[in-house]
Amino acid sequence: MTDPIESTELSWWQDAVFFQIYPRSFADANGDGIGDLDGIRDKLGYLELLGIDAIWIGPITRSPMADHGYDVSDPRDIDPMFGSLEIFDALLDEAHARDIKVTMDL
């Protein structure tokens with residue numbers, strides 16, 4: 001029997017630097033006192049300067065908010081308090097243009 005070949009290559013996330021974001025308190029772009037996706041977009045330049053590889057965004061999907069967003073009611077939509085799917089798409093585009101990957105709680 002032959003020994004299995006071991007790979008020495010790591011997956012991208014195994015040596016990446018993540019910046020975890022709790023959106024509700026991170027950055028408020030519209031002045032309503034609740035952090036939002038545009039607030040995260042506004043800070044991408046700063047995050048890029050930090051040299052991070054990825055952001056990890058806490059719950060932003062539609063939720064009754066009984067458990068701070070972890071009680072998801074629609075995993076395919078953004079809760080309006082944080083923005084919209086269009087704003088999320090713009091966040092993804094801008095993050096990827098800065099070579100920042102985006103992960104999120106589901």
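The values are calculated or read from the model by the stated rules, or taken from the named source; none is laboratory data. This is a predicted model, so every value here is computed, not measured. FYI the Cβ positions are ideal-geometry reconstructions off the backbone, even for glycines, and counts take in every protein chain you see.
Could you please tell me which pairs satisfy a Cβ distance under 9 Å, a separation of 6+ or placement on different chains, a first residue in the range 81-106 that is without any contact (Cβ under 8 Å) to a residue 24 or more places away in the chain, and a second residue that is among the basic types (Lys, Arg) and loosely packed, with under 15 Cβ neighbours inside 10 Å?
Final answer for the pair search is LEU85/ARG76.
Which residues, taken from the range 47-66, are within 19 Å of ILE87 (Cα to Cα) and free of Cβ contacts under 8 Å to residues at least 24 places away in the same chain?
If the condition is that a residue be within 19 Å of ILE87 (Cα to Cα) and free of Cβ contacts under 8 Å to residues at least 24 places away in the same chain, then ARG62, SER63 are the ones that fit.
So for the range 45-53 (the condition being hydroxyl-bearing (Ser, Thr, Tyr) and surrounded by 12 or more Cβ atoms within 10 Å (Cβ to Cβ)), does at least one residue qualify?
no
Residues of the range 54-103 being surrounded by fewer than 16 Cβ atoms within 10 Å (Cβ to Cβ), hydroxyl-bearing (Ser, Thr, Tyr) and either under 12 Å from the mean Cα position of the chain (by Cα) or over 15 Å from ASP36 (Cα atoms) (or both), which ones?
Result: TYR70, SER73, THR103.
Report, by residue number, each residue of the range 60-81 that is hydrophobic (A, V, I, L, M, F, W, C) and touching a Phe, Trp or Tyr at 6+ places or on another chain (Cβ under 8 Å).
ILE60, ILE78
The rows are residues; the columns are (1) among the acidic types (Asp, Glu); (2) modelled with pLDDT of 95 or more; (3) over 20 Å from TRP12 (Cα atoms); (4) touching a His at 6+ places or on another chain (Cβ under 6 Å).
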residue: GLY33; (1), (2), (3), (4): no, yes, yes, no
residue: GLY39; (1), (2), (3), (4): no, yes, yes, no
residue: ILE55; (1), (2), (3), (4): no, yes, no, no
residue: PRO59; (1), (2), (3), (4): no, yes, yes, no
residue: SER63; (1), (2), (3), (4): no, no, yes, no
residue: HIS68; (1), (2), (3), (4): no, no, yes, no
residue: ASP71; (1), (2), (3), (4): yes, no, yes, no
residue: ASP93; (1), (2), (3), (4): yes, yes, no, no
residue: THR103; (1), (2), (3), (4): no, yes, no, no
